[in-house]
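Here the structure is laid out as structure tokens; the discussion comes afterwards.
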Amino acid sequence: MLPTNGTTATPSTTPGPLASFVRFVVFGGGIGLLSGAAVPLLATLMPWALANAVITVVSTLVCTELHALFTFGTGRRAGWRRHLQSAGSATAAYGVTCAAMFGLYALQSSPGLLTQQAVYLGAAALAGTGRFLVLRLFVFADGARKGTAASTQGEAAAGPKGGTASDPRGGTAVPTAVVPSARTRPVLAVAC
């Protein structure tokens, strides 16, 4: 439904909690699967630990961008602050899975493969859910609550939004809010 005052309605781009969680799982899981395949390939060119570190950093950066633009619908790229916070939550999730595995080995000196997988996947699911909550409630909370309005704050300093401007050809007033600014459109730097 369009307002009658001549401006266009902006649909909400912020997904709800369930949609955000599904996107989080799809993007995170998809990048995780790609990373799992990329580490051994890269390890043919360098030591495995270095390959794992490189893929972990790259995949975390890509996931943070995807989460900013699509999972939590902020309408803008993540920025350094959010990348650092996301890396912190990923590090905490890594700590949870490590602690679970150390705990398992403290309880059983040689657990079976199925037990190891069950403990690791359970800890990863718990850590992933916790990471989702941290990202949704803290890291991307302001953008998710405000939608794309947060990305237009810089435009307010440049001039009034929704006002009129003179047409340089004829001097008549032209509405300025008809076409959205290029700064409000999300740009994804990493193609995947």
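Here the Karplus relation 6.51 cos²θ - 1.76 cosθ + 1.60, evaluated at θ = phi - 60°, turns the backbone of the range 61-69 into coupling constants of 4, 5, 4, 4, 5, 4, 5, 5, 7 Hz, with x for every Gly and Pro.
Shape class of the range 28-107 from the alpha-carbon gyration tensor: oblate, with a/c at 1.5 or above and b/c at least as large as a/b. For the range 34-42, 3J(HN,Hα) computed residue by residue from phi via the Karplus equation (6.51, -1.76, 1.60; θ = phi - 60°) reads 4, 5, x, 7, 6, 4, x, 5, 5 Hz, glycine and proline entered as x.
Just so you know, all these numbers are worked out from the coordinates, no wet-lab data involved. Since the structure is predicted, the reported quantities are computational estimates derived from the model, not experimental observations.
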